[in-house]
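Structure first, commentary second.
Please treat every number below as a calculation from the coordinates, not as lab data. As the structure is a prediction and not an experimental result, all values here were calculated from the model. Don't worry about glycine lacking a Cβ; one is built from the backbone with ideal geometry, like all the others, and counts go over all protein chains shown.
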């Protein structure tokens, strides 16, 4: 490999209606995506595991999310993994891991 990079690709279903806000003169869309994995244990039992991912889209991608993405919609997201922190209402530090999207693909109608 010539270079290492921070790249995430997810295909899943949107978990709730996206939240779109104007933030520092740019539009920001926040949403969650559920991905599912199915595997079988050694004894043959089927296991389904769902993971939830926070996704943030900015600018033109946020416009697309606002116009076309709804709860339950299947989408593909490509972006980078980021970590950030903030202080909640009680002054406690909270940490968030999220995907900052740089590409989005809509599936279905």
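Scanning the stretch 1-25 for residues that are out of contact with any helix residue (DSSP H, G or I) (no Cβ under 6 Å at 6 or more places or on another chain), free of Cβ contacts under 8 Å to residues at least 60 places away in the same chain and either surrounded by 10 or more Cβ atoms within 10 Å (Cβ to Cβ) or over 22 Å from residue 83 (Cβ atoms) (or both) yields 1, 2, 15, 16, 17, 19, 21, 22, 23, 25. Of the listed requirements (1) part of a strand (DSSP E or B); (2) surrounded by 11 or more Cβ atoms within 10 Å (Cβ to Cβ), residue 86 misses just one: (2). When residue 52 is tested against (1) surrounded by fewer than 13 Cβ atoms within 10 Å (Cβ to Cβ); (2) free of Cβ contacts under 8 Å to residues at least 60 places away in the same chain; (3) within 17 Å of residue 104 (Cβ to Cβ); (4) within 13 Å of the chain's Cα centre (by Cα), just one condition goes unmet, and that condition is (3). Is it the case, given these coordinates, that residue 105 is part of a strand (DSSP E or B) and closer than 14 Å to residue 13 by Cα? Considered against the rule, which asks whether it is part of a strand (DSSP E or B) and closer than 14 Å to residue 13 by Cα, residue 105 comes out as yes.
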